[in-house]
1. Take the eigenvalues of the Cα gyration tensor for the chain, scale each by 5, and report the square roots as semi-axes in whole Å, largest first.
2. Taking the chain as the reference, fit the longest principal axis to its C-alpha atoms, fit the long axis of helix 97-116 to the helix C-alpha atoms, and give the angle between the two in degrees, 0 to 90, nearest 10.
3. Which angle from 0 to 90°, rounded to the nearest 10, does the C-alpha axis of helix 80-95 make with the longest principal axis of the chain?
4. Once label points are set 7 Å from the Cα along Cα→Cβ at both S123 and V21, what is their separation, rounded to one decimal in nm?
5. Provide the net charge surrounding H120, with neighbours chosen by a C-beta distance below 12 Å and charges set as Lys +1, Arg +1, Asp -1, Glu -1.
6. Counting Lys +1, Arg +1, Asp -1, Glu -1, what net charge surrounds I135 among other residues with beta carbon under 14 Å of its beta carbon?
7. Only Cα pairs under 8 Å and at least 6 apart count here; give the relative contact order of the chain as a rounded whole percent.
8. Kindly express, to the nearest 10 degrees and within the range 0 to 90, the angle between helix 122-140's C-alpha long axis and the longest C-alpha principal axis of the chain.
Amino acid sequence: MSLLFSFCARFFPYIVVVFAVLGVFILGFSNKQIFIIGVSVLVAWAASFFLKVTFKRIRPNNTRAKAPFLAESIYSFPSEHATIFSALGGIMYFINVQVGILFIVFAGLIGVSRARIKIHFWSDILAGWILGFIIGFLFSKLL
């Protein structure tokens, strides 16, 4: 079971990003929708990064998270993964309910997995989900 959680916490987010990129083109999202999705994800990342360096909460295992493309961070609150993927799921929900529900489930799986393998506290995940859904909801008003 821990192998599944490890996979979902570390590698599944990249698969979800590929699904999202392919999905918006295959499903025929408009250029405006694609732009708003991209901006909402960037805002979610920036907001979680800003809060992370503001609160400076050390990760549960007190080690650096391994991130292949970004600088490693010892800070955990809020979870950037939970924030980004819940924002993605939230904004997708307002464009296409079925696709949105799928991405919300993905966000849940990623968040739970990251808490289970002790990269984050549960409160990091919950805060990320809330922040992400708020950002997704706010950007949905631009659609």
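Only the coordinates and a few stated rules stand behind these numbers; no lab work does. What you are looking at is a predicted structure, and each value in this text was computed from that prediction instead of being measured. In this analysis, Cβ positions are derived from the backbone assuming ideal geometry, glycine residues included, and neighbour counts consider all displayed protein chains.
1. 25, 16, 12
2. Long axis of 97-116 versus the principal axis of the chain: about 0 degrees.
3. 20
4. Result for the modelled spin labels: 3.6 nm.
5. Combined, the nearby Lys, Arg, Asp and Glu give +4.
6. Neighbourhood net charge equals 0.
7. 32
8. 20
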